[in-house]
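What follows is a single structure, written as structure tokens, with notes after it.
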Amino acid sequence: MSSMELQNTVKEALNALYHHPDDSVRMQADRWLQDFQRTIDAWQVADNLLHDASSNQETLIFCAQTLRSKVQKDFEELPSEAFRPLRDSLNGLLKKLHKGPPIVRTQISIAVAALAVHVSAEDWGDGGIVNWLRDEMNLHPECIPSFLELLTVLPQEAFSHKIAARPERRRQFEKELISAAEVAFNVLTTCLSLNELKEQVLEAFASWLQLKHAIPSATLACHPLVHSALSALNSEVLSEASVNVISELIHYTSARSSGGVAAHMPLIQLLVPQVMNLREQLKDSSKDEEDLKAIARLFADIGDSYVELIATGSAESMLIVQALIDVASNPEYYIASMTFSFWHNLQVNLTERDSYLSCGDEASIEAERNRRLQIFRSSYESLLSLVSFRVQYPHDSENISREDRREFKQTRYAVADVLIDAASVLGGEVTLKILYMKLVEDTHSCRSDETWDWRPSEASLYCIRAISSYISVVEAEVMPQVMALLPKLPLQPQLLQTVCLTIGAYSKWLDASPNGLPVLPSVIEILMSGMSASEDSAAAAALAFRHICDDCRQKLCGSLDGLFHIYHRAVSGQGGYKFSAEESLYLVEALSMVITELPPENAKKALEALCLPVATPLQELINQGPTQLQKALARELTIHVDRLGNIFRYVNHPEAVADAIHRLWPIFKTIFDHRAWDMRTMESLCRACKYAVKTSGKFMGITIGAILEEIQGLYQQHHQPCFLYLSSEVIKIFGSDPSCANYLRSLIEALFNHTTHLLTKIEDFTARPDIADDCFLLASRCIRYCPHLFVASAVFRPLVDCAMNGITVQHREACSSILTFLSDVFDISNSSRGEQYKSTRDTIVVPRGPSLSRILIASLTGALPSSRLEVVTYTLLALTRAYGMMALEWAKESISLIPSTAVTEVERSRFLQALLEAASGADISSLTAPVEEISDVCRRNRAVQEIVQGVLRPLELNFVPAISS
């Protein structure tokens, strides 16, 4: 198709995309246009249409975006001689479209900036892009707005990873911009005289300030651009651009890389008073909301940037703190919350010992710390009253949208964090007293009629709950009054939910305080009310009940009859409780924790009573016969099995749990035998067995053999991955037990032999990633707990082959488990007794070394997502560390396959040098940067990534079929 035909086709496709009534036609047009953008013809067609005076706005936007994307990602498609015509064409478009659609002009500006990232200053000519741009502005003053936009985006593109430039070139470009900063600032200073462009000039200046080392602080302090931005702060309408400049200057002066605050005092002393002059405007109710937001942002920036100076408590510092209090008092939450990070950072600075190391000895440190805490006391007291009301439910809380409800929850979490900061500075008891006074005030008007507003009381109680971890467990002044007040509050659902959560939060106080025991019956009664009131309050009450039973377990041992009554009502579903089946597990856990405190002879009997109401429904279902058991919904089984699992998990009486699982085994075996096809039921049952194994350990005795025999047979029929993770727990507990060696050897060989037959090619891993994940987690555990059984087994070799086949599976957990297993194999000789397995490992790994190295390098360079980089890097470095110069040769062989158009000799050498250092025993953590760089280079665009993967071909490197021995 000729260029003209393609241009017409693009126009037709765009017309169809934006205007055709048929959705399928629009989708087809969209797909065609996306495919077209990836072609080499897109360069010329997009350029032609942008220069075509007849192109409409839709065409201009599409072509500008296409050209910008091509320059960013596909510049290497072009021959080197194409650079100058491309630069001149883009320059022509900037001039031609200087009064055109802003979106088009922006895309062209980004394209020119991206071009400058790709091309060195020497190759650009004219002294580099900034000097070239200055000359163009002098030659074409009517186009200055376009060139100013380009000047603005240049520093932004220095940090853009959308541009497919090599890391070394990106670093070089940043240096070129820094060296040209003075020229850029001179250009911008000249443009200040054009009043209509002042806003744009300041935006460009703010952008250049992101280059932290570009210009000395002393120069900035007297620079016309800085003074122009400062003068704009006092204008009638606050300039967003001037705020951006001042904000960038504040960040510049606090950047540790530029010397930190001490190196920039002249500039700081210029900026801070100018911003402080805006303080009165914070209280001006007539002020535009966007202006208030901008002013608040500047104060927040000052607070965050100079928090270490502010923490000294000087008179000047306290003026800034008062201004931040003014911001925090703004009725608009999004403005007030700008200060929250400051209050946290200040708290850390005031309370952590490291802030005072320069004070000298311990006595001096403590004296200075107390002095500062005293200075900021009133500020944090004010802050408490300013933020606590923000957690109050809105009047129409029942009708607010899901989005508003989510935002309200986020607000409460953020405010809770501020309350914790205040408690850290003021002390928990002082904070509690302030919040309690507010609660008393809110509940004073509590009456039984409907006029009482529950919301302020709920908000105060939420705040008291938020600081629970800062209250001493023996606090005796306020907490007894709080607990005495709770039963008197009305049973409004949201208030009751917070009451229940507060009880749970202070469970440790209830246990330790002398005042705790007398109020336990009343708080448990409140929790029972909560369980019946609403779904939200029931969930809160169940969780609180768990906390109470966990922390007050010794006190509650004598009240088991009452607790069992609550438990029976909960698990039978006849108590009217409104929590879900999952939340009922909290009650199971609660009783299990109390039983843990009983002596062994009593615990066994209590455990039987705990299991009985849960096991009975399962037995009844089994009694109905195999057909009915197979027809039952998974949930009819898992609700009870999960409860038994939690009992085994939380009743810490190993012998009693072992006895319980032995008695229940006939039920479990029947479910295993008739529901092995059902993944949900098997997962629940295996989890219960896992907890029993974990708690009982060696007391499991004969039952463990029955469990292993069962899952070993069923796995070969039904391939449930949960059988593998149950085996992992068994290996952890019994792996080193000589009496279990025969059982475990048989288990290992059966499970792995079957798995390697299931996973023979990458498609198998993709289809069953859960099996791959659990298989290699089990394999890693075998290396740790029973290498004497595993490494010498016949399945070890095919399992390594299986792992090689699956390295490039895209599933995150499966891939990570495979790579971790391989790392464990390479590192096996590092353990205290690992040397004895080294020769076996080497017999398997060395013949596969070249292929393993190549697959791992392919994974680094694009076969796996970049999010997997850390674990792949560790595996490759572990291989290198284990095999030294031999591994280096494998890596050289693989990396040499990549053509120099994709990876230069310098980049190749830097990568191999890192591997050489790993082989020589260097700390692996120090070698990740060169590995990340080779990954970045090979992923810089689609074409390069395809070239690299095309030569490495990781999927063709299976050493031998994984099922062989």
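Things worth noting here:
- Residue (of Leu527, Val906, Asn623) at the positive-pole extreme of the chain, dipole from beta-carbon charges: Asn623
- The packing ranking, built from the mean of other Cβ atoms within 10 Å per residue, places the peptides 368-375, 829-836 in the order 368-375, 829-836, highest first.
- Candidate residues Glu236, Glu429, Glu601: accessible-area rank, largest first, probe 1.4 Å: Glu236, Glu601, Glu429
- Neighbour-limited loop hits for chymotrypsin sites (Phe, Trp or Tyr not before Pro), region 757-788 (at most 13 other Cβ within 10 Å; DSSP other than H, G, I, E, B): none
- Under Karplus coefficients 6.51, -1.76 and 1.60, residue-wise ³J(HN,Hα) of region 271-287 in Hz, glycine/proline x: 6, 4, x, 5, 5, 4, 5, 8, 4, 4, 5, 4, 9, 7, 5, 7, 5
- An ellipsoid equivalent to region 620-752, defined through the eigenvalues of its Cα gyration tensor, has semi-axes of 23, 18, 12 Å when rounded to whole angstrom and sorted largest first.
- Sites matching GluC sites (Glu not before Pro) across region 457-518 that sit in DSSP coil, with at most 12 neighbouring C-beta atoms within 10 Å: Glu477
- Rounded to the nearest whole angstrom, the semi-axes of the ellipsoid equivalent to region 597-650, taken from the Cα gyration tensor as √(5λ), stand at 27, 12, 6, largest first.
- Considering only Cys782, Met804, Ile762, the residue lying farthest towards the positive end of the dipole of region 758-808 is Cys782, judged by Cα position with unit charges set on Cβ.
- Couplings for region 407-413, taken from phi via the Karplus curve 6.51 cos²θ - 1.76 cosθ + 1.60 with θ = phi - 60°, read 4, 4, 4, 4, 4, 4, 4 Hz in order; Gly and Pro are left as x.
- Residue-span extension gain [Ile61 to Asp561] - 0.36 nm each, minus C-alpha spacing: 172.5 nm
- Length added when fully stretched, Lys605-Asp354, from 0.36 nm per residue minus Cα-Cα: 85.0 nm
- In percent, rounded to a whole number, the relative contact order of region 255-414 is 18, using alpha-carbon pairs under 8 Å and six or more apart.
- FRET efficiency estimate (nearest 0.05) - Cβ-Cβ, Ala255 to Phe389, R0 56 angstrom: 0.95
- Long pairs among Lys99/Lys198; Lys488/Lys555; Lys698/Lys732; Lys73/Lys175; Lys690/Lys732, criterion Cα-Cα beyond 20 Å: Lys488/Lys555; Lys73/Lys175
- Here region 491-531 is scanned for amide nitrogen atoms under 13 Å from the site 7 Å beyond the Cα of Val474 along Cα-to-Cβ, giving 512-515.
- Cα gyration tensor category, rounded, prolate or oblate, for region 483-615 with a/c compared to 1.5: oblate
- Three-way shape call for region 34-153 based on the alpha-carbon gyration tensor, with the a/c threshold at 1.5: oblate
- In the assembled protein chains, Ser839 presents an accessible area of approximately 80 Å² (probe radius 1.4 Å).
- Normalised by the number of residues in region 780-919, the average gap of Cα pairs under 8 Å and 6 or more apart makes the relative contact order 24 percent.
- Applying 1/(1 + (r/R0)^6) with R0 = 51 Å to the Cβ-Cβ distance of Ala767 and Ser285 gives a FRET efficiency near 0.20.
- Taking all protein chains as shown and a probe of 1.4 angstrom, Ser285 keeps an accessible surface of around 120 Å².
- Under the simplified labelling scheme, the Asp923-Lys162 pair shows an inter-label distance of 3.8 nm, with each label point 7 Å from Cα along Cα→Cβ.
- C-alpha center-to-center spacing [region 705-734, region 769-794] in angstrom: 13
- Distance between the modelled labels on Glu655 and Asp842, one decimal in nanometres: 5.0 nm (7 Å Cα→Cβ projection).
- Cα convex hull of region 771-854 - mean projected area over all directions, nm²: 5.1
- Relative contact order %, the chain, counting alpha carbon pairs below 8 Å whose residues are six or more apart: 5
- Dipole magnitude of region 398-542, debye to nearest 20 (Cβ charges: Lys/Arg +1, Asp/Glu -1, about Cα centre): 160
- Fully extending the segment from Asp126 to His227, taken as 0.36 nm per residue of separation minus the present Cα-Cα distance, adds 33.2 nm.
- Taking the alpha carbon gyration tensor of region 348-457, multiplying each eigenvalue by 5 and rooting it gives semi-axes of 37, 18, 8 Å, largest first.
- When the charge dipole of region 310-468 is built from unit charges on Cβ atoms (+1 for Lys and Arg, -1 for Asp and Glu) and taken about the Cα centre, the candidate among Trp452, Ser424, Ser379 whose Cα reaches farthest toward its positive end is Ser424.
- Packing-based order for 403-409, 187-193, 592-598, using average beta carbon neighbours within 10 Å, highest first: 592-598, 187-193, 403-409
- Kirkwood Rh, Cα atoms: Rg over Rh of region 285-410: 1.07
- Estimated dipole of region 601-731 in Debye, rounded to 20 [Cβ of Lys and Arg +1, of Asp and Glu -1, Cα centre]: 200
- Inter-centroid distance (Cα atoms) of region 858-910 relative to region 232-304, Å: 47
- Distance from region 573-603 to region 165-228 (C-alpha centre basis), Å: 66
- Heavy atoms of Met679 accessible to a 1.4 Å probe, total area in Å² rounded to 10: 70
- Computed from point charges on the beta carbon alone (+1 for Lys and Arg, -1 for Asp and Glu), the dipole magnitude for the chain about its Cα centre is near 2160 Debye.
- Phi to ³J(HN,Hα) by Karplus 6.51 cos²θ - 1.76 cosθ + 1.60 over region 906-919, Hz, x for Gly, Pro: 5, 5, 5, 5, 5, 5, 5, 5, 4, 5, 4, 5, 5, 5
- Answer label, with Rg/Rh (Cα atoms, Kirkwood Rh) calculated from the coordinates and candidates (1) 1.02; (2) 0.95; (3) 1.23: (1)
- Pairwise label distance in nanometres, Lys95 with Asn399, each label 7 Å out on the Cα-Cβ vector: 6.3
- Hull-based mean projected area of region 305-353, where the convex hull spans the alpha carbons, in square nanometres: 3.3
- Qualifying chymotrypsin sites (Phe, Trp or Tyr not before Pro) for region 89-159 [loop in DSSP, other Cβ within 10 Å: at most 13]: Phe159
- Accessible surface ranking for His444, His140, 1.4 angstrom probe, highest first: His444, His140.
- If R0 is 22 Å, the Cβ-Cβ spacing of Gln716 and Asn623 corresponds to a FRET efficiency of close to 0.15.
- Overall, the anisotropy analysis places region 190-322 in the oblate class: the square-rooted eigenvalues a ≥ b ≥ c of its C-alpha gyration tensor yield a/c not less than 1.5, with a/b not exceeding b/c.
- Within-12-Å neighbourhood charge of Gln630 [Cβ basis; K, R +1; D, E -1]: -1
The values are calculated or read from the model by the stated rules, or taken from the named source; none is laboratory data. All values derive from a computational prediction rather than experimental measurement. Glycine gets a Cβ as well: all are built from the backbone with ideal geometry, and neighbour counts include every protein chain shown. To get the accessible areas, we keep the full protein, side chains included, count just its heavy atoms, and leave off ligands, DNA and RNA. Shrake-Rupley method; radii C 1.70, N 1.55, O 1.52, S 1.80 Å.
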